[in-house]
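Have a look at the structure below before the remarks.
The values are calculated or read from the model by the stated rules, or taken from the named source; none is laboratory data. None of the values given here were measured: they were computed from a predicted structure. Ideal geometry is used to build each Cβ from the backbone, glycine not excepted, and the neighbour counts take in all protein chains shown. Calculation scope for accessible area: heavy atoms of the full protein, side chains included, ligands and nucleic acids excluded. Shrake-Rupley method; radii C 1.70, N 1.55, O 1.52, S 1.80 Å.
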Amino acid sequence: MHLPLNDITFDEIKADFLADSNITLTVLRLDKIHKEVSGNKLFKLHYYIDACLLSNHKTLLTFGGAYSNHLAATAFLCKEKDIKSIGIVRGEEPKNLSHTLAYCKDQGMELCFVSRDAYKKVSDSNLVPLLKQTYGEFTLIPEGGYDQMGANGASKIMDLLGNKTPSHICVSVGTGTTLAGLLLNSDKVKNIIAVPAIKNMNDIDKRLIHLIKLYPKEKLSIFRDYHFGGYAKYNDELLSFMNDFYAQYKIPTDFVYTAKMMFAIIQKIKEGYFEKNSNIMCLHTGGLQGNGSLIDSELIF
């Protein structure tokens, strides 16, 4: 599958708090891949889409919540590739679809709503035969692309670096699939920093072993205290940071992933965590469509 990567940029942040320690801070703008669907999602889906195109059924089934960037990206790519898409959605069907699910439906995705309890069971890969009784043959993508094919696709992000050799690569963590991909292809980088977007995410090691088996543990550092209450949780401090960050650097962020990661990295720089002359690169993993769930007046972009 061809990835539309021409618009990706490396945007350097210029600020006094960086100059004091001669630290370089760059944002890898994966959010620029597509105005609706962008970021790490297209990489994680790469091999799943290829596998589906090579199949006879040309049908793809996956899982997600009402504001899932993963569902939106899957729906978009399936429409582009003339693949039938099915989304198993966590929660009862609402009277009014979220903007994300409305987008998925507009892209042709068939939505199936299940209760939260049922979702935990139906998203178990052991129940795939039951799903096939309902939908026929399909290519399965776990929620968030969380499997080895997803990690292999995410590893392609590192190929974008070319001859760049940052001292640190920083990424927000949801399922851990993108983090696994970075570690899988980390020869050029000495340090990878993970910022979980989920509260009490204490199983990262287990997730990485599931995704890529062995990984260079000595390269990985985890900043655990920047989830702002949990997955998709936020407060006035985070929203204020997002607005200030955009006002200063003209880079929009999403409140679920990238804003939390950037908040963490900037705070750690100001606290002196990073050595002088560090060359830090932060991955903007897209997901800006998720901001549509906020009140219009909360963000300036």
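In table form, for the structure just shown:
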item: Correct choice for log10 I(q)/I(0) by the Debye sum over Cα atoms at q = 0.07, 0.08, 0.12 Å⁻¹ that was computed from the model, options (1) -0.40, -0.48, -0.92; (2) -0.32, -0.41, -0.82; (3) -0.26, -0.34, -0.77; result: (3)
item: Accessible area in the full protein assembly, largest first, 1.4 Å probe, for Asp124, Asp7, Asp82; result: Asp82, Asp7, Asp124
item: Where region 26-69 is the region considered: accessible area per residue in Å², 1.4 Å probe; result: 33
item: Portion, in percent, of the accessible area of region 194-282 that falls on carbon or sulfur, probe 1.4 Å; result: 46
item: Entries in Lys164/Lys268; Lys213/Lys268; Lys84/Lys199; Lys188/Lys213 that, when Cα-Cα distance is taken, lie over 32 Å; result: Lys84/Lys199
item: Between region 247-266 and region 168-201, the alpha-carbon center distance in angstrom; result: 16
item: Solvent-accessible surface (1.4 angstrom probe) belonging to Asp50, in square angstrom, nearest 10; result: 40
item: Most to least accessible of Lys164, Lys190, Lys35 (protein chains only, probe 1.4 Å); result: Lys35, Lys190, Lys164
item: Inter-label distance for Tyr231 and Asn279, nm, one decimal - labels placed 7 Å from Cα along Cα-to-Cβ; result: 3.6
item: Exposure rule at most 15 other beta-carbon atoms within 10 Å, DSSP loop GluC sites (Glu not before Pro): the chain longest free segment; result: 138-270
item: Probe 1.4 Å, protein heavy atoms only - accessible area per residue of region 244-301 in square angstrom; result: 43
item: Solvent accessible area, Å² - Ser293, 1.4 Å probe, full protein context; result: 50
item: Sequence of His46, His99 when ordered by accessible area, the most exposed leading, probe 1.4 angstrom; result: His99, His46
item: Extension reserve of the Leu54-Ile300 stretch, reckoned as 0.36 nm per residue once the Cα distance is removed; result: 84.2 nm
item: Cross-link partners of Lys233 among aspartates and glutamates (Cα-Cα below 14 Å; sequence separation of 8 or more within a chain); result: Asp225, Asp254
item: Relative contact order %, the chain, counting alpha carbon pairs below 8 Å whose residues are six or more apart; result: 23
item: Gaussian network model of the chain, Cα within-10 Å springs - most flexible of Lys95, Lys105, Lys41; result: Lys95
item: Carbon/sulfur fraction of accessible area - region 1-143, other protein chains in place, 1.4 Å, %; result: 45
item: Probe 1.4 Å, protein heavy atoms only - accessible area per residue of region 108-147 in square angstrom; result: 58
